Amino acid sequence: MKSKLFLTYPAIFTFEDNQYWVEFIDLKGCFSSGNTLQEAMENSKEAMGLFLEDLTEFPECTTDIKKIKLNDNQIVSFVSIDLEEHRKKYENKSVKKTLSIPAWLNTLAEKEHVNFSKLLQSALMEKLNINKSIVEKSSRE
């Protein structure tokens, strides 16, 4: 069984202008927000996952939250995610591929407004005998 990668980091939730703003103490540049505290918490999990998903080494977590100075409109909460589950959820993201085709073929295809990405995906799925409806169903689960 594959071990889970469960990560937890403290975040400052600030209530301002009728919404919550979230800033992670240890993840510089990772922010989120929400109209309610619950929405801000859910959005912060997603932001944290997106911030960490491509890392192999993770920032150290601040555990002594007593030292964090807060304003009256702020609270600290630990936010946790299972990074492996997060990665599975988003593994269907697109990747950029560079390829070469003859100039004359490119010119004709552009005149016909061919969507190169869609055409390549369809051709690869056909070549690999992949049933599109099965792929779409599994990406929704």
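The residues listed here are E57, E39; of these, the one that is of a type in the set (D, E) and farther than 16 Å from I75 by Cα is E57. Within the range 99-119, the residues that satisfy the criterion of being surrounded by 10 or more Cβ atoms within 10 Å (Cβ to Cβ), of a type outside the set (S, T, Y) and assigned to a helix (DSSP H, G or I) are L105, N106, L108, A109, E110, F116, L119. Looking across the range 31-42, the residues that are part of a helix (DSSP H, G or I) and either surrounded by fewer than 17 Cβ atoms within 10 Å (Cβ to Cβ) or touching a helix residue (DSSP H, G or I) at 6+ places or on another chain (Cβ under 8 Å) (or both) come down to L37, Q38, E39, E42.
Return yes when T8 is farther than 30 Å from K118 by Cα and in contact (Cβ under 8 Å) with a residue 12 or more places away in the chain and no when it is not. For T8, the condition - farther than 30 Å from K118 by Cα and in contact (Cβ under 8 Å) with a residue 12 or more places away in the chain - is met.
Residues that are of a type in the set (A, V, I, L, M) and either surrounded by fewer than 11 Cβ atoms within 10 Å (Cβ to Cβ) or not in a strand (DSSP E or B) (or both) within the range 73-98 comprise L83, V95, listed in sequence order.
If you go through the range 36-87 one residue at a time, how many are within 22 Å of T14 (Cβ to Cβ), modelled with pLDDT of 90 or more and of a type outside the set (V, I, T)? I'd like the intermediate steps shown before the answer.
Of the residues in the range 36-87, the ones within 22 Å of T14 (Cβ to Cβ) are 36-52, 59, 61-81.
Pick out the ones that are also modelled with pLDDT of 90 or more and you get 36-52, 59, 61, 69-81.
Those left that are additionally of a type outside the set (V, I, T): 37-52, 59, 61, 69-74, 77-78, 80.
Within the range 36-87, residues that are within 22 Å of T14 (Cβ to Cβ), modelled with pLDDT of 90 or more and of a type outside the set (V, I, T) number 27.
Does the range 53-71 contain any residue that is assigned to a strand (DSSP E or B) and farther than 30 Å from V95 by Cβ? Walk me through how you get there before you give the answer.
Of all residues in the range 53-71, those assigned to a strand (DSSP E or B) come to none.
The answer is no, given that none of the residues of the range 53-71 is assigned to a strand (DSSP E or B) and farther than 30 Å from V95 by Cβ.
Counting only residues that are of a type in the set (S, T, N, Q), surrounded by 11 or more Cβ atoms within 10 Å (Cβ to Cβ) and more than 18 Å from T63 (Cα to Cα), the range 7-25 holds 2 of them. Between K28, K45, K69, K4, the distinction of being under 14 Å from H86 (Cα atoms) and surrounded by fewer than 14 Cβ atoms within 10 Å (Cβ to Cβ) belongs to K4 only.
The values are calculated or read from the model by the stated rules, or taken from the named source; none is laboratory data. What you see is a predicted model, and the numbers here were worked out from it, not measured in a lab. No Cβ is skipped: glycine too gets one built from the backbone with ideal geometry, and neighbour counts run over all protein chains shown.
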